[in-house]
1. With an 8 Å Cα cut-off and a minimum separation of 6 or more residues, compute the relative contact order for segment 49-138 in percent.
2. To the nearest 500 deg cm²/dmol, what mean residue ellipticity at 222 nm is calculated for the chain from DSSP H runs of n ≥ 4 alone, each contributing -39,500 (n - 2.57), summed and divided by the residues?
3. Residue by residue through segment 244-258, which ³J(HN,Hα) values in whole Hz follow from phi under the Karplus form 6.51 cos²θ - 1.76 cosθ + 1.60 (θ = phi - 60°), with glycine and proline marked x?
4. Between Thr230, Thr153, Thr283, find the one with the highest GNM mean-square fluctuation for the chain; connect C-alpha pairs within less than 10 Å.
5. PRE reach from Ser240 (point 7 Å along Cα→Cβ): which of segment 262-287 fall under 12 Å by backbone N?
6. If amide hydrogens are placed 1.01 Å from N in the peptide plane, which non-local residues have theirs closer than 5 Å to the one on Lys213?
7. Mind scanning Lys204/Lys348; Lys203/Lys302; Lys46/Lys277; Lys101/Lys128; Lys43/Lys302; Lys101/Lys138 and naming the pairs with a C-alpha gap bigger than 21 Å?
8. Which entry in (i) 22; (ii) 33; (iii) 69 matches percent of Cα pairs over 35 Å apart derived from the coordinates of this structure?
Amino acid sequence: MHQKLRALGSVMAVLGSAGALAACGSSDSPASGSSSTTGSGSKAVKVAFFDFTLANPYGIATADAAKKAAAAAGATIDVFDGGYDPNKQINQIQDATASGKYQAMVIAPIDGAAVAPVAKAAINAGIKVVAWYTPIGKDPGSLDPQVPGLSSTVADPLVSNGTTRGQLIVQACASLKKATCNVVVETGPIAGSFEKIRYEAIKKVLDRHPEIKQVAAPALSAYSSEAGRTTAQDIAQAHSNVDVYSSASDDALRGAMPVIQRSSLKDARLIGNGATKWGVEQTRSGALWADLGAFPATEVSKATALAIASARGQKVPASVPSVTISPLGTKIGLNLTQQALSSHPTFKGEW
C-alpha cells in the first residue's frame with residue numbers, strides 16, 4: 001500500500017551518507033539516533049521515529065532528516081525500521097510506549113487503521129504523537145485528526161495528490177494542441193485503498209476534458225523499475241498512439257524509459273512521480289515533461305519539529321499538507337515542470 005517508495009540508483013549519494021542506518025534498525029531495537037544536549041531552558045525530549053522501512057533510499061533519507069531535525073531542536077531521537085510489516089510496527093510502538101523513554105513519537109503508518117489503537121495508547125501515556133506520510137486512522141484520504149489527542153499530521157492528501165497529477169496530464173495534453181489526446185495513466189498496486197483514492201481523483205479531473213482519452217490504466221505489481229518496464233512493454237504492444245504517459249513512480253518510469261525510447265511510445269510526453277534526484281534531472285533536461293513532487297526530508301523535518309514542540313507544550317497545527325511546505329514554494333508546490341525547475345536551479349530532489 002505504501003507505493004511511492006522504492007530504491008533508485010540515482011540516489012546513491014544519499015545511501016552513502018546514511019547507508020549504515022539501514023543495517024541498524026530492527027523490530028526490537030532502534031537505529032542509532034542523533035545525540036545532542038537540550039537547548040537552554042528547553043525541556044529534554046526524546047523522540048521515537050517509526051519509519052515504514054530503512055531498506056530503500058526514501059526511508060534512509062527520511063530517517064536521516066528526522067535525526068538532523070531532532071538535533072537542531074536540541075532533542076534526541078531513536079529510529080525504528082518497520083520493514084513494511086504493520087504488525088512489527090505496532091509491536092515497536094507498544095514497546096516504545098511501555099519503555100517510558102519517549103516524550104514524542106513520529107509515526108509513518110504502514111497501516112493507518114491498525115496503528116490507531118497503539119497510537120492512542122501512546123497518547124494516553126502522555127506521549128505527543130505526530131503522523132507523517134499518511135494519516136493515522138481509518139480514512140487515508142483525510143488529514144483531519146482521527147485519533148483524539150493526536151498532535152498533528154504532515155502528509156500529502158491523497159485526493160489533492162491525484163488532482164495535481166490529473167492537472168499535469170491536462171497541461172501536457174494542452175501543450176500538444178491535438179483534437180484527441182491519448183493518455184496512459186499508470187497506477188501503483190490498485191488493491192490498496194491509497195491508489196484507488198488517487199486514481200479516482202485523477203479520473204475526475206480527466207473526465208472534465210472530453211478531448212482526453214484514457215487508452216490504458218495499468219496497475220503496477222510494485223513501485224519498481226522491473227514493474228515499470230513490464231508495463232511499458234505491454235502498453236507498447238497494445239497501443240501505437242500514446243500522447244501522454246503518466247507513471248505512478250519515478251522508479252517505474254526509469255525502468256520503462258528504454259522500452260519507451262525504442263517503441264511506439266517514443267513520442268509521448270512523460271510524467272514522473274516522486275521528484276527523485278533522477279526525476280528532477282530528467283525533467284530539467286526535458287526527457288520528462290514533468291514530475292509530481294515529493295519532499296520526504298522536508299516533510300519529516302517538519303513532523304519531527306512539531307512532535308518536539310508539542311512535547312514542550314507548544315501549540316502546533318492539526319495538519320500540514322505537503323504542498324504548503326514545498327521547498328519550491330506554494331505557487332509551484334508539487335508541479336515540477338522544466339519551467340518551474342528553471343527558477344530553482346539548485347534544487348536536485350531530496351531522495
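Derivation of every value follows stated rules applied to the coordinates shown; laboratory data play no part. Source: prediction; values computed, not measured. Note that each Cβ is placed from the backbone with ideal geometry, even for glycine, and that neighbours are counted across all protein chains shown.
1. Details: 136 pairs, mean separation 26.0, N = 90.
Relative contact order, segment 49-138: 29 percent.
2. Working: 11 runs with 143 residues, N = 351.
When only DSSP H runs of four or more count, the value is -13000 deg cm²/dmol.
3. My calculation for segment 244-258 gives 9, 10, 9, 8, 7, 7, 4, 4, 4, 5, 4, x, 7, 3, x Hz in order.
4. Most flexible of the set in this elastic network: Thr230.
5. Counting only backbone N, you get 264.
6. Cys181, Asn182, Val183
7. Values: Lys204/Lys348 31 Å; Lys203/Lys302 31 Å; Lys46/Lys277 32 Å; Lys101/Lys128 13 Å; Lys43/Lys302 19 Å; Lys101/Lys138 28 Å.
Long pairs (Cα-Cα over 21 Å): Lys204/Lys348; Lys203/Lys302; Lys46/Lys277; Lys101/Lys138.
8. Here percent of Cα pairs over 35 Å apart agrees with entry (i).
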